[in-house]
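Here is the structure we will look at.
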Amino acid sequence: MYASREDIGYDFGDDSKVGSKPIKPNPNIDRGWAWMIVLSSFLVHILIMGSQMALGILNMEWLEEFNQSRGLTAWVSSLSMGITLIVGPFIGLFISMCGCRMTAIIGGILNALGWILSAYASNVHYLFLTFGVTAGIGSGMVYLPAVVMVGQYFQKRRALAQGLSTTGTGFGAFLMTALLKYLCTEFGWRNAMFIQGAISLNLCVCGALMRPLSPKDLREKNMVRNHSEENRAKALPHSTETIHSNGVLGEEPEKKEEAANEEVLGSVQHIEIGGNSGSGRSMYGLRLFKTVSQLTVTVRKGFALWYSSYFGAASLFTNRVFVAFIIWALFAYSSFVIPFIHLPEIVKQYNLSRQDNVFPLTSIIAIVHIFGKVILGIISDLPCISTWNVFLMANFTLVTCILTLPLMQTYIGLAVVCALIGFSSGYFSLMPVVTEDLVGTKHLANAYGIIICANGISALFGPPFAGWIYDITQKYDFSFYIAGLLYMVGIIFLLIQPCIQKKQSREKSTEEAQV
């Protein structure tokens, strides 16, 4: 179908042109500290996404403790997962203003606070606020910077780097399931949440490792990226037909904004130079004024970038393939989350608890998920392979597994389907890569914020919907069938929209040639 970035690309005009001048490799891109960023992101995925994948253990404890319906109790886990992702667009604003490092550190503190306060819950509604909202927002403030920083530090090995970092989800689901099960058995679920809150403070350390790249480093990365894409286009002549959006984010407003900011800082420096002969008190005031001015310029610049990405004349939403990507995300994530939340109950319903205690089905998903992310990342980085096609193939496999899972009523059958779910869901490591291919590095934070927001809406309503269907039918079958069909609708949007846009691009090219 499509074999290069240009096939699904959307040029925002943020990349510089590359001439014949040789490009010197940057020591910070694809090497050096970039691997520390991968380590930081890996630990974030263990502590956040891994913990959320293990919430089925706590969900059973809450059902027994508060004696509420499965649908209502499932809202606690769904709020935590959903809000982590839904706040993505707003976290994008924080990143634009404060940077990834500060955003992640604040998020780590909030996440730990949410876990600790949840240990004192007296009812399910209390958990909605402490665990669902507080811990959820904190998780979102760490998760998005972790993904964005890997995208900024890598160019040639983007899919592999994202794959390695996001394997933390699989490791985390395996480790946190065992840890929470042990803690709940030995200390009770309240003390388990308190201990988990203390462990979550390590997110602040992960945030501190997210050293920002300088603007010069980002420009050099864009130059390398353009150069590699030109070489790739020459190597793949059959992929020269491209899909372009009907809108391009202009650089003129940003240039005017930068000029205004430089004027403000220039005036401040002029005042400071003129006041050098003044008293120490006046010099302190001038330095304070300069600091405030620089902070104001940073906030204005960050807000301008965030606003233009969402509400500008040619925002991200003018990219039709990206809009189709959002529609897919609205349906996709719940199909992956529902098995994790409700598999313990399904095992209990089929009287398979003895086999599941030996090797839990959720652990099978988690372990194979690790290999799926790495393998799919390696395949996608091959020069002759399209990341977009790998992404679609994995989605087709996953939706088939979701529709098949209710038909399996033996442990072996469920184990095989769960292994396939784990491997095919490795496409999550490709989501940031596909998003960056669509919008460019500059707009990755805001664009990926929208995508995970759509995933969050899916995760928010998926598990409660499955619990509600169970309360009515006393079976989970229909939940998986409906989730799978909605997921298929999202995949169809991903298939149709690029074809329509490619056809429109051809017609436009033909008209221009005739003129």
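The values are calculated or read from the model by the stated rules, or taken from the named source; none is laboratory data. Given the structure is predicted, the values throughout are model-derived calculations rather than measurements. Glycine gets a Cβ as well: all are built from the backbone with ideal geometry, and neighbour counts include every protein chain shown. These area figures cover heavy atoms from the full protein model, side chains too; ligands, DNA and RNA do not enter into them. Shrake-Rupley method; radii C 1.70, N 1.55, O 1.52, S 1.80 Å.
Count, please, the residues in the range 109-156 that happen to be farther than 22 Å from Leu93 by Cα and among the hydroxyl-bearing types (Ser, Thr, Tyr).
So the count comes out to 5.
If we scan the range 377-389, do we find a residue that is open to solvent by 50 Å² or more (accessible area, probe 1.4 Å), within 27 Å of Leu55 (Cα to Cα) and either touching an Asp or Glu at 6+ places or on another chain (Cβ under 9 Å) or not β-branched (Val, Ile, Thr) (or both)?
No, every residue in the range 377-389 fails to be open to solvent by 50 Å² or more (accessible area, probe 1.4 Å), within 27 Å of Leu55 (Cα to Cα) and either touching an Asp or Glu at 6+ places or on another chain (Cβ under 9 Å) or not β-branched (Val, Ile, Thr) (or both).
With surrounded by 19 or more Cβ atoms within 10 Å (Cβ to Cβ), within 26 Å of Phe94 (Cβ to Cβ) and over 20 Å from the mean Cα position of the chain (by Cα) as the only criterion, which of Gly197, Gly168 stands out?
Just one listed residue meets the conditions, Gly197.
Please count how many residues of the range 452-495 are of a type in the set (Val, Ile, Thr) and either under 18 Å from Leu403 (Cβ atoms) or not assigned by the TED database to the domain that holds Thr435 (or both).
6
Might you let me know whether the range 83-102 holds any residue that is more than 21 Å from Ile370 (Cα to Cα), part of a helix (DSSP H, G or I), of a type in the set (Val, Ile, Thr) and at pLDDT 90 or above?
no
Among all residue pairs at least 6 apart or on different chains, which show Cβ distances below 9 Å where the first residue, located in the range 44-64, is under 17 Å from Asn357 (Cβ atoms) and the second is outside any helix (DSSP H, G or I) and not aliphatic (A, V, I, L, M)?
Glu61/Gly188
If we scan the range 440-458, do we find a residue that is open to solvent by 50 Å² or more (accessible area, probe 1.4 Å), more than 23 Å from the chain's Cα centre (by Cα), at pLDDT 75 or above and not polar (S, T, N, Q)?
Here is the first cut: in the range 440-458, the residues open to solvent by 50 Å² or more (accessible area, probe 1.4 Å) are 442, 457.
Then keep just the ones that are more than 23 Å from the chain's Cα centre (by Cα); that gives none.
No, there is no match, as no residue in the range 440-458 is open to solvent by 50 Å² or more (accessible area, probe 1.4 Å), more than 23 Å from the chain's Cα centre (by Cα), at pLDDT 75 or above and not polar (S, T, N, Q).
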